[in-house]
1. Determine whether residue 398 is in contact (Cβ under 8 Å) with a residue 12 or more places away in the chain, among the aromatic types (Phe, Trp, Tyr) and either touching a Pro at 6+ places or on another chain (Cβ under 7 Å) or farther than 21 Å from residue 256 by Cα (or both).
2. Please go through the range 406-430 and give me each residue that is small (Gly, Ala, Ser) and closer than 16 Å to residue 359 by Cβ, ordered by number.
3. Could you please find all residues in the range 120-137 being open to solvent by less than 10 Å² (accessible area, probe 1.4 Å) and either among the β-branched types (Val, Ile, Thr) or farther than 19 Å from residue 178 by Cα (or both)?
4. Scan the range 320-328 and give yes if some residue there is in a loop (DSSP other than H, G, I, E, B), surrounded by fewer than 24 Cβ atoms within 10 Å (Cβ to Cβ) and out of contact with any helix residue (DSSP H, G or I) (no Cβ under 6 Å at 6 or more places or on another chain), otherwise no.
5. What residue, among those in the range 409-426 that are assigned to a loop (DSSP other than H, G, I, E, B) and either hydrophobic (A, V, I, L, M, F, W, C) or without any contact (Cβ under 8 Å) to a residue 12 or more places away in the chain (or both), is nearest to residue 372 (Cα to Cα)?
6. Is it the case that the range 362-371 has a residue that's modelled with pLDDT of 95 or more, open to solvent by less than 10 Å² (accessible area, probe 1.4 Å) and part of a helix (DSSP H, G or I)?
7. Consider the range 517-556. How many of its residues are among the aliphatic types (A, V, I, L, M) and either open to solvent by 30 Å² or more (accessible area, probe 1.4 Å) or in contact with a Ser or Thr (Cβ under 6 Å, 6 or more places away or on another chain) (or both)?
8. Looking at the range 24-39, I want the residues that are over 20 Å from residue 92 (Cα atoms) and have a partner that is crowded, with 21+ Cβ neighbours inside 10 Å and of a type in the set (Asp, Glu) with Cβ atoms under 9 Å, at least 6 apart or on another chain. Which pairs are those?
Amino acid sequence: MKWYGYIGKILRIDLSREKFRVEDLKPEDVDLFVGGSGLAAKIICTEVNPQIDPFSEGNKIVCMTGPLTGTIVPGGNKTTIAAKSPLTNAWGEAHLGGFWGPELKFAGYDGIIIAGRAKSPIYVFIHDDEIEFRDASKLWGSTTSLTEKLIREENEDKNIRVLTIGPAGENLVRYSVVVSDERVAGRTGMGAIFGSKNLKAIAVRGTKKVEIKEYSRLRSLIRRLYPVIMSDPPTQIRALYGTNGEMEIFYEYGDVPLKNFSKGAWEGISKISGQVIVKSMLRRHRACFNCPVHCWKEVVIKEGLYAGTETRAPEYETAASLGALLLIDDSNYLAVAEYLCNEYGIDVISTGVTIAWVMELFEKGIITEKETGGLKLEWGNAQVVIKLLSMISRREGFGDILAEGSMRASKIIGKNSERFAMHIKGVEIPMHDPRAFKGMGLQYATSNRGADHLQGSFFRIEQGERVPDLKIYERVDRFSVKGKAWMVAVMQDWHEVLESVGLCKFVRLAPGHVAAFYTLVTGIVKRVPELREAGERIFNLKRMFNVKAGLSSKDDTLPRRFLEEPLDEGGAKGQTVELEVMLQEYYKCRGWDSNGVPTKETLARLKLLKYVN
């Protein structure tokens, strides 16, 4: 059949035998699971044993684009990378912007399924119809930017797009990431799965194009929507200052975590905002493929060992997790930390939250310099953090324990240290305090990949946004829990749609506009209710993978700090999260039983029975 938006081909790679084959995309899969995250979920859930060791040869990696990826749709550049997670031992996925996903489609593929394990380090080179397995022994140990540079030089083509891991992925750091052109597929440890398979990189060069069904009508709609996209206030802030431009706004809400989520106010917040960093360090504004927002800021490190280095500006999650959370207010240090995390290939959120946890343990005397190898893990100590980034990535000394993530590391350390580990299902909590936005607490507790701020972004609703296309008509009180369960579920489902069509969430569009883009690009008519149902189907499929992996309702929780310990100052003063009230209502809205398992009736309604049995 003739495909539009979709290429219609998926590349299967067997690393063990260094073989590949190309198979056709199935119309039934597109109808039910759309693409991107949804199609990745269908493949993982039907081909990977949920009980398998994530580092075993039987785990698979799925890199899947969406139908809008690589098109003229603003923000159509996203790729999902999914596998069983080494951090949660359950569902894992990360999302990549930039240029790699569009290039994969230009090479002639909607996605790649990677199985097996190479005998020695390799990288895969895809050039249209040519697929090669190349020796990566000389690349092993290299940082991400050096790996990209060496692969481009070897192939004498600066336009090759390279998806690679750094030393952290090679050393199986459980929260290591995959990087391409400074854009990062963070969260849940996908870099470690690459490393476990001896897969250093996937390099892609394509010369084809993505066909669009209604090109003229699509261009006309995009022209009309550009002013709408760029007039959105959060988008304007990102365009000027990057994602960190909202730092001080979030702080006023009491949303920015301080001192491992234990403090409500801090005078250093004004020194690490996007406005301050851009004003003092900006080199240029950059954008991912076909994005009008340009939220990607490039800065020049001003002082120290890395002075003069051009790097991506600290994102909000970096400035909060490696800055505010650790009580460090040095913007130059934050640029260095962002640079090193990307070079080593580690997730900034999990890194910062894990370090904050051990700093609290050190402060309380639960661990001492004897356990840390002589390191004084004191709040505000930027030098010790920089040292820890290298130690974690290379699993050296105390860094070997921290590389396991806070959940596993707390079991190694013992002494009731789990009490201070800020994670959900093993994934460290992002930089939005749920005491400031209580619906976010429910979102965190129930998200399929563990603590997840992007799978619903419910804090936007609690800031006053309304989404009429999804029947969210009225503003909600951020401190109330009443009636939020169904809205959290709806927003989670819709964000599954965004990850499945390949659209960046920072290009903020009404659901009706997303449906129109999908229909005009693919020629497949999908209205908002149909897409939302697809999102619900995808969310429930991932939930069933987690159930079979051994997770249950007891894992749908928050650290005790959010449930029992209110802050004594700041924008969320006196608040805790009344999770249980929302959780039972949420299960009912979802059509799950009291143990949080989708009922047979729900699975039948969503046409999932044959995929979960």
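The values are calculated or read from the model by the stated rules, or taken from the named source; none is laboratory data. None of the values given here were measured: they were computed from a predicted structure. Cβ atoms come from the backbone with ideal geometry, glycine included; neighbour counts cover every protein chain shown. For the accessible areas, the whole protein counts, side chains as well, though only heavy atoms, and no ligand, DNA or RNA atoms are used. Shrake-Rupley method; radii C 1.70, N 1.55, O 1.52, S 1.80 Å.
1. yes
2. The answer is 406, 409, 410, 417, 421.
3. The answer is 122, 124, 126.
4. Scanning the range 320-328 turns up at least one residue that is in a loop (DSSP other than H, G, I, E, B), surrounded by fewer than 24 Cβ atoms within 10 Å (Cβ to Cβ) and out of contact with any helix residue (DSSP H, G or I) (no Cβ under 6 Å at 6 or more places or on another chain).
5. 414
6. Checked against the condition, which is being modelled with pLDDT of 95 or more, open to solvent by less than 10 Å² (accessible area, probe 1.4 Å) and part of a helix (DSSP H, G or I), the range 362-371 yields no hits at all.
7. Of the residues in the range 517-556, 5 are among the aliphatic types (A, V, I, L, M) and either open to solvent by 30 Å² or more (accessible area, probe 1.4 Å) or in contact with a Ser or Thr (Cβ under 6 Å, 6 or more places away or on another chain) (or both).
8. What qualifies is 25/110.
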